[in-house]
Amino acid sequence: MSTQNPYTLVIEPKTRLLDLNLKEVWRYRDLLLLFVRRDFVSVYKQTIFGPLWFFIQPVLTTIMFMVVFGGIAKMSTDGLPQAIFYLAGIVSWNYFAEALKTTSETFVANASIFGKVYFPRVITPLSIVVSKLLTFVVQFVLFLLVFFYYFLFTDANLAPNSTLLLLPLLIIITAGLALGLGLLITALTTKYRDFRFLIGFAIQLGMYATPIIYPLSEIDNPKLRMVILANPMSSIIETFRFAFTGVGEFSWLSLGYSFIAMLVLLAAGTLTFNKVEKTFMDTV
Amino acid sequence: MNIEPIIKIEDLAKQYRLGSIGTGTFSHDVNRWWQKVRGKEDPYLKVGEINDRTQTGGSDYVWALKDINFEVQPGEILGIIGKNGAGKSTLLKLLSRVTAPTTGKITCHGRIASLLEVGTGFHPELTGRENIYLNGAILGMTKKEIASKFDEIVDFAGCQKYIETPVKRYSSGMYVRLAFAVAAHLEPDILVVDEVLAVGDAEFQEKAIGKMQDVSSQGGRTVLFVSHNMASIKALCKKVIVLKNGSVYYEGSTEEGIRVYLESSKNNLIEQLMLRKDRIGNGKMKFTNINVATFDKGAIQTGLDIVFTIGFDLKANATNMWFRLIVIGDDEVVRFICNNYHSTAPFRKVNKDSNIVSLTIPKLPLLQGKYYCHLQAVVDNEIADEIEYAGEFDVNEGDFYGSGKVPTIRKGVLIEHTWTI
């Protein structure tokens, strides 16, 4: 029996700094898919409108923005139809915000499962990011519908361009940012719950630090501009809008910054998560 | 041939920090970090080490498990028994990788699946079918494996009709059956089971135990089984480990292990009654103490002969005296009443020097559990002393009928009986 059993397992106290075990994550890929399915399907069980609810939320938010920021406050939309301008921001921000909020609660929300059975813990946040991606896709279709309506039936000045090819990259950066930050926060909140109170609030405020209800071009104050550009989500939203409409600010520099911010956050998040996952049950 | 153990545990220990986490622990953490930055040792690890084996009061750290060493051979069913707090659950948690040990090492050669709870991850809104897949995957099966076992699982659970219904509509029994069915059809090399058998009806429990036996005997798989139920330990395991206060107290044959466990957990406390104020009666006689035990002073078990020894203090010689002892359960329901006025006759001549009365109950008919007794003495037709909850005692599982079987409906008391046809 000296042959190495593929399932030989050594349980020891200390983890190496980076102990990702991607092979094991791959072995549990079915679980990831089933979690995604569960999250996606269980949301609209026992509702009349079912998956329609994925549409209703961004539609109502857009209408609200059109009334409050466009109608009452008369804020600029860079000459774009308000519906397109707001919806573009809301749909991409929603993905980030939802994925971040849910992944940041991974340990606390799943303590009952994690306390009873082992599987690579990182499956849960990964599944969240994927299932929120599905929600994003549904809402993106809504955006496309609105976009084509304006593009084909009105004389709005819309100039979709080759930046559209960057869309997959934008999605990857958004997912990476949300996952990295979420992993970091959930690992920090197992012991001290203080961050939990902060996160919902921070996401809400973060929306105002991102060019969603205003275009970046409206910000003249250079210091304020710096602050907003320091937010890695800003260039994502601007690029997204620019790709479809030709209006907005697109620069490789700020997109590159977002990409690097994603890598850093992802690395920091993974390391912290890794450190905590083995013993979090003792402190959660 | 020298077979390599499938599980090898070496010097395993787990330390827990007591108390709640708040600003106090945060200052510990900051201090710890600061010492580390300055290149010094962790100041609190030392505290932990000092309190290591001694467990003096005031320590913030406790060893839930320490110095655990044992091996499990392939195909073995190992029972793990011990009182609450002995470290059984901690051991299972470490084995199933829910949490990591503080020191030591476990080496396993094979896939481990743990069943610390049935129905982990069941989502109430999803149907039975969806939950079988989800739960199976959580327990470590691939979709393909589950699909190939699907019909067997549904058949075992006996819920074909409800398979497309959300599990929140299931009766609790059906829910548990389905959950166990999924777990029972896992095919790990090592199965770790925590008292999940304590659920479900008798028929299902029998099925579950049978399934576990099959898993081991035909499947050649290793099972680690934790239970309080001595009957199922006896039925399943050839070898047991008794844990006590976080260490291995006994390792060996099941029968001897159960004996050791019962011996160590007996609660034949002598209750002092002299100082009790909550008593009524004219005081012509006073109870002083009560003690419950078997004849050989062993642990009290269902079906054994037991003796209550009651001490008392009598003011004057009595010519008409009787005693009453009422045994009630944890649920405050009376199980039986022993009164010598009814069963035989009052004591006609009791010398004032007498100070002990004993009550023998042959073949204790009580089921496993905690019981209390009320005491009363009547002297010359007047209540002389009466104390409620004068004593408490634990009854351990035993073989009342001598048939090797234990009733699964845990209600009432056991009586001798005969069926004829």
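No lab work stands behind these numbers, since they all come straight from the coordinates. In this text the structure is predicted, and so the values were computed from the model without any measurement. All Cβ positions, even for glycine, are placed from backbone atoms using ideal geometry, and neighbour counts span all protein chains on display.
Miscellaneous remarks
- Here's how it looks for B:Phe70: its modeled amide H is under 5 Å from those of B:Ile9, which are all 5 or more places away or on a different chain.
- Once the Kirkwood radius over Cα pairs is known for region A:33-92, the Stokes-Einstein relation at 4 °C and 1.567 mPa s delivers a diffusion coefficient of 97 µm²/s.
- Sum of side-chain charges, A:Leu158 neighbourhood, beta-carbon under 15 Å (Lys, Arg +1; Asp, Glu -1): -1
- Bins of 10 Å from zero: percent of alpha-carbon pairs in chain A: 6, 26, 32, 22, 10, 3, 1, 0
- Normalised contact order of region A:22-283, rounded percent, pairs of Cα under 8 Å and 6 or more residues apart: 27
- Reach of A:Lys101 by Cα under 16 Å, taken over lysines that are not fewer than 8 positions away in the same chain: A:Lys132
- Helix-derived mean residue ellipticity, 222 nm - over chain B, DSSP H n ≥ 4, -39500 (n - 2.57), to 500: -7500 deg cm²/dmol
- With loop membership from DSSP and a limit of 13 other Cβ atoms within 10 Å, the longest segment of chain B without GluC sites (Glu not before Pro) is B:165-331.
- Remark on region A:111-191: Rg and Dmax equal 18.5, 59 Å (Cα only).
- What the phi angles of region A:83-94 give under the Karplus curve with 6.51, -1.76 and 1.60, with θ = phi - 60°, is a coupling list of 4, 5, 4, 5, 4, 4, x, 5, 4, 6, 5, 3 Hz, glycine and proline written as x.
- DSSP bridge pairs, the protein assembly as shown: antiparallel proportion in percent, nearest 5: 80
- Computed from backbone phi with θ = phi - 60° and the Karplus coefficients 6.51, -1.76 and 1.60, the 3J(HN,Hα) list for region B:228-235 is 9, 8, 4, 5, 6, 4, 5, 5 Hz; x is used for glycine and proline.
- Value of relative contact order over chain B, rounded to a whole percent, pairs C-alpha under 8 Å and six or more apart: 14
- 0 to 90° range, to nearest 10: angle between helix B:23-37 axis and chain B longest Cα axis: 50
- For the protein assembly as shown, the convex hull drawn through the C-alpha positions has a volume of 252 cubic angstrom per residue.
- Under 22 Å from the Cα of A:Lys74 - lysines, other chains or at least 8 residues apart: none
- Exercise: per-residue mean of other protein chain Cβ atoms within 10 Å, B:123-132: 3
- Taking only the C-alpha atoms of region B:271-395, the Rg (one decimal) and the largest Cα-Cα distance, Dmax (whole number), read 14.2, 40 Å.
- Comparing A:Ala202, A:Ala97, A:Ala73 in a Gaussian network model of chain A, where Cα atoms under 10 Å apart are tied by springs, the biggest mean-square fluctuation is seen for A:Ala73.
- Cβ-based charge dipole, the protein assembly as shown, positive-most Cα from B:Met174, B:Phe400, A:Leu31: A:Leu31
- Average partner coverage of B:96-108, which counts Cβ from other chains inside 10 Å: 6
- HN-Hα J in Hz across region B:331-337 - Karplus 6.51, -1.76, 1.60, θ = phi - 60°, x for Gly and Pro: 8, 6, 8, 5, 9, 7, 10
- For chain A, adding -39500 (n - 2.57) for each run of n ≥ 4 DSSP H residues and dividing by the number of residues yields -21000 deg cm²/dmol at 222 nm.
- Long pairs among A:Lys278/B:Lys239; B:Lys143/B:Lys238; B:Lys284/B:Lys349; B:Lys315/B:Lys349, criterion Cα-Cα beyond 24 Å: A:Lys278/B:Lys239; B:Lys143/B:Lys238
- Computed from label points 7 Å out along Cα-Cβ, the spacing between B:Lys144 and B:Asp214 is 2.4 nm.
- Computed over chain A with a Gaussian network model linking Cα atoms closer than 10 Å, the most mobile of A:Ala187, A:Ala159, A:Ala88 is A:Ala159.
- Under 13 Å, Cβ to Cβ, from B:Lys238 - net charge with Lys/Arg +1 and Asp/Glu -1: -2
- Cross-link pairs out of A:Lys23/A:Lys191; B:Lys168/B:Lys411; B:Lys93/B:Lys211 include none exceeding 31 Å in C-alpha to C-alpha distance.
- Gyration tensor over the Cα atoms of region B:250-326: the corresponding equivalent ellipsoid has semi-axes (square roots of 5 times the eigenvalues, largest first) of 36, 13, 9 Å.
- For chain B, diffusion coefficient by Stokes-Einstein and Kirkwood Rh (Cα), 37 °C, 0.692 mPa s, µm²/s: 129
- Mean per-residue shielding of peptide A:116-127 is 4, counting Cβ atoms of other chains within 10 Å of each Cβ.
- All Cα pairs of region A:71-152, percent lying beyond 19 Å: 54
- Around the amide H of B:Gly82, modelled in the peptide plane, lie the amide H atoms of B:Leu243, all under 5 Å away and 5 or more residues distant in sequence or on another chain.
- Restricting region B:66-175 to chymotrypsin sites (Phe, Trp or Tyr not before Pro) in coil, as DSSP defines it, with at most 15 other Cβ within 10 Å: none
- When the Gaussian network model of chain B links Cα atoms closer than 10 Å, the mean-square fluctuations of B:Asn131, B:Asn69, B:Asn31 top out at B:Asn31.
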